[in-house]
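Below you'll find the structure, written out as structure tokens, and then a few comments.
Where a number appears in this text, it was derived from the coordinates with a stated rule and is not lab data. All figures in this text were calculated on a predicted structure; none of them were measured in a lab. No Cβ is skipped: glycine too gets one built from the backbone with ideal geometry, and neighbour counts run over all protein chains shown.
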Amino acid sequence: MIVQLIDFLKARPKAVKTAATIALPVLLVWSVTGVDTSHAHTWAERYIPGFWALFTLLACLVLVFFARWFGKSGIMTREDYYDD
Amino acid sequence: MTTSFLHPALLLIVGAVLLPLVREPFRKLYLCSVPIATFVAVLALNWQPGVYGEVVFMDRWTLTFARVDNLSSIFGFIMGLMAIIGTIYGLHVKDNWQHLASWFYVAGSLGVIYAGDYLVLFLFWEMMAFASTFLVWFNKEEGALAAGYRYLLVHTFGGVLLLLGFVLRYQATGDISFALLNEQDTHLFTWLIMAGLMLNAAVPPLHSWLPDAYSKATVTGAVFMCAFTTKTAVYTLARAFAGFDILIVLGVIMAIYGIVYALMENDIRRLLGWEIVSQVGYMVAGVGIGTALAINGTCAHAFAHILYKGLLFMAAGAVIHSTGVCRFTELGGLYKKMPNTMAFMIIGGISVSAFPLFSGFVSKAMIVAASFEAHLLWAGFLLSMVSVGTFLVAGLRLPYLVFFGESRCSEETMSRASDPPWNMHLAMLVAAFFCFLVGTYMPFLYDMLPYRDTTFHPYTSYHLSETLQILVVTAIAFVFLKDRLAARPTISLDLDWFYRYGGRLFLWLAERPLQWLDTAWGAAYRVVGLYGLMVTARFWAWFDWHGIDGLVDGSALCVRAIGRRLALVLQRGHIQQTIYYAVTFAAIILIAYVCL
């Protein structure tokens, strides 16, 4: 059953992409119009629409690019490094 | 205070000792019933909070084997539950020694959790360290032996720090009770105890042992290890160091550090190990914040973490069990072969990523909310950033590299891959069920938390919208960034470099300069020492022969000659002369005696 579901989705990559591109704006519209932000902790959360979406985008970029840069700076090394 | 109680750890220890005597067909039944009985004993103990098992040791110290309160109950509960899940997962393992080590390990953990003083705590602390080392050593894989030794050495070092700390504290205060330390009045012992406990919680820079050992343990051993050591340490930190500000900083560093390394990792269990470092970072930060909500969050997150991390390690173990491969560069595209394992791994992944309806959603948010409420905005935002990273790593990268994407498997791996035996399925099912239960029926977890009057509502529209934004954007970002997170045949250097090379330096010192010194000393001894010794010995032999012996022989000859001379004078054979000499001599003696 699980395999069939995955195969079904894999066969329709376009539909999956469309679903995702629809989901995000819907979510953002809901978060701006339908969510009470008066209990948010910071000013930014309260007044910037879609704050957490922006925050996440930034966080992804920071983490992934930092990890790549950090890894390439010499931290990531050959697997037999300790075998000498 | 009552003394009649049954310590759950005792049940496990006795159960472990008797295990080799139990034969099939009762063995599996026995394997299941001992942890279940232990769990029942935990429930019975938690039912009536109080202090049990106080023993006066050497007329001086009062040992407390069971202090049952709100904080120890929740940790005892989850440890007992995980012991059942872990044992079911390992039910197919024929080697009794592995079960024995696991049970002793869990017994150590339960012992620490209920311990009321440092002596009992230390006893069980070391039991944990030694028993878990065997879970690494029992793995026949190359490198496991060395990893086990590194693990043991590091933990022995941590144990010594803890020992030094509480002995110094006893000397200063005369107190061995294991209780909250004062942040305003810190001493050397405060920091030593903290360092000893932090080593087990894998707080940087004392963390490298964790991914190192957990990736080399046996498949079932890793499932036990991922649950007990770090979370027991979190409990001890929450008990002794709640509200210590330094832990907030260390916890946040730890959360970021772990996730960055997890993003680079190529080994499936090392990735999960780094994820533990990251998630325990939340808990350590929660302990540091120290408010009621933060401590509740720490306990809730530890509880949820044991379940979903256990589930992830079980799913990873199932992959390694069936394929024998642990590197992402040799895995991929396995979803058709192991659909159930994939489903469980995804449930674990979305639980840790705080999907609504799953355990992480109701636990992690408490710590983040507590940091915002304590006006630690930097901590709140950085921990939220780590939430993003967590979903990237455990929710997306891990299942993607194992089950989806292109297959990097060899034909042999592909043909061997299959869903694991029924017992592994059952254990994963139980863990997945609890992940879901915790996320949907809040009273189950929240009623166990230490501060019962502090309320938290995770399912608010704001929290839902925040979490969904994080999850959806991360998922979309992953599609674009996945090539940068692809599997690479590398290892990542970490602080264990220092002790690995430190060990090599020591070996080099021993092999080269010290060995040279030893050889040179041996040669010098042979040339100078031995020759000198022989010359001296010859001289003394000569002296003995000619000097000592000559003197002794000469005096003997002299005495004999004098005797002969005297005999010629005194003993001529005339009896009257002899009597005359004798009487004269006696008279002289007598007169001398009387006069003097």
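Just tell me how shielded A:70-80 is by partners: mean number of partner chain Cβ atoms within 10 Å of each residue's Cβ, no decimals.
Mean partner-chain Cβ count within 10 Å for A:70-80: 5.
Taking 8 Å as the Cα distance limit and 6 or more residues as the minimum spacing, I'd like the relative contact order of the range B:44-199 as a percentage.
Details: 185 pairs, mean separation 28.4, N = 156.
It comes to 18 percent, rounded to a whole number.
Expressed as a whole number of Å, what is the distance separating the alpha-carbon centroids of the range B:91-157 and the range B:425-472?
For the range B:425-472 versus the range B:91-157, the Cα centre distance is 30 Å.
What do you get for the angle between helix B:144-173 and the principal long axis of chain B? Use alpha-carbon atoms, 0 to 90 degrees, nearest ten.
Around 80 degrees separate the two axes.
Whole Å is fine, so just give me how far the alpha carbon centre of the range B:531-564 lies from that of the range B:344-369.
When both Cα centres are located, 95 Å separates them.
Using only the Cα atoms of the range B:500-595, each taken as one equal point scatterer with no solvent, compute I(q) by the Debye sum, divide by I(0), and report log10 of the ratio at q = 0.11, 0.17, 0.22 Å⁻¹.
-0.69, -0.92, -1.07
Can you list residues whose amide H is under 5 Å from residue B:54's amide H, if they're 5+ apart or on another chain and H is modeled 1.01 Å from N?
B:65
Which net charge results for the neighbourhood of residue A:10, defined as the other residues with beta-carbon distances under 13 angstrom from its beta-carbon, given Lys and Arg at +1 and Asp and Glu at -1? Could you put the intermediate results ahead of the total?
Values: positive: A:12, A:14, A:17, B:336; negative: A:7, B:406.
That sum, taken over residues with Cβ under 13 Å, equals +2.
With viscosity set to 1.002 mPa s at 20 °C, what whole-number translational diffusion coefficient in µm²/s follows for the range B:1-143 from Stokes-Einstein and a Kirkwood radius over Cα pairs?
D = 137 µm²/s.
For a test of understanding, tell me how many lysine pairs in the protein assembly as shown have Cα atoms under 20 Å apart, given they are 8 or more places apart or on different chains.
The number of close lysine pairs in the protein assembly as shown is 15.
Mind pulling the angle between the C-alpha long axis of helix B:575-595 and the longest principal axis of chain B? Nearest 10 degrees, somewhere in 0 to 90.
Helix B:575-595 and the main axis of chain B meet at about 60 degrees.
Is there a simple number for the mean count of other chain Cβ atoms within 10 Å of the Cβ of residues in B:471-483, and what is it?
5
Taking 0.36 nm per residue of separation and subtracting the Cα-Cα distance, what length does fully extending residue B:479 through residue B:555 add?
16.4 nm
Among B:87-97, B:582-592, how do they line up from the highest to the lowest mean number of other beta-carbon atoms within 10 Å?
B:87-97, B:582-592
Dividing the alpha-carbon radius of gyration of the range B:1-241 by 2.2 N^0.38 Å (N being the number of residues), what value is obtained?
Details: Rg = 17.7 Å, N = 241, 2.2 N^0.38 = 17.7 Å.
The range B:1-241 yields a ratio of 1.00.
Can you give the Kirkwood hydrodynamic radius for the protein assembly as shown, in Å, rounded to one decimal and based on Cα pairs?
28.5 Å
What's the ranking of B:455-462, B:572-579 by average number of surrounding C-beta atoms within 10 Å, highest first?
Packing proxy ranking, top to bottom: B:455-462, B:572-579.
Between residue B:493 and residue B:593, what is the label-point separation in nm under the 7 Å Cα-to-beta-carbon projection?
Result for the modelled spin labels: 9.9 nm.
Any idea what angle helix B:118-137 forms with the longest principal axis of chain B, computed on alpha-carbon atoms, 0 to 90 degrees, nearest 10?
Roughly 80 degrees, rounded to the nearest 10.
For a quick protection proxy, order the peptides B:472-484, B:127-139 by their average other-Cβ count within 10 Å, most packed first.
B:127-139, B:472-484
Would the range B:342-437 count as rounded, prolate or oblate if I go by the C-alpha gyration tensor, calling it rounded below 1.5 in a/c and otherwise prolate when a/b exceeds b/c, oblate otherwise?
Oblate, since a/c reaches 1.5 and b/c is not below a/b.
Which whole number gives the average, over all residues in B:379-387, of C-beta atoms from other chains lying within 10 Å of the residue C-beta?
Per-residue shielding by partner chains comes out at 3.
Can you tally the net charge around residue B:119? Count Lys and Arg as +1, Asp and Glu as -1, for every other residue whose Cβ sits under 13 Å from the Cβ of residue B:119.
That sum, taken over residues with Cβ under 13 Å, equals -2.
To the nearest whole percent, what portion of all C-alpha pairs in chain B is separated by more than 34 angstrom?
Everything past 34 Å amounts to 48 percent.
Using all C-alpha to C-alpha distances in chain A, build P(r) with 5 Å bins and read off the rounded percent in each one.
3, 11, 11, 12, 11, 12, 13, 13, 8, 4, 2, 1, 0
With runs of 4+ DSSP H residues as the only contributors, calculate the mean residue ellipticity of the protein assembly as shown at 222 nm using -39,500 (n - 2.57) per run, divided by the residue total and rounded to the nearest 500. Show your work: numbers first, answer last.
Numbers: 29 runs with 470 residues, N = 680.
It comes out at -23000 deg cm²/dmol, rounded to the nearest 500.
Per 0.36 nm of contour for each residue apart, how much would the distance between residue B:416 and residue B:179 grow if the chain were fully extended, relative to their Cα-Cα spacing?
Taking 0.36 nm per residue and subtracting the Cα distance, the gain is 80.1 nm.
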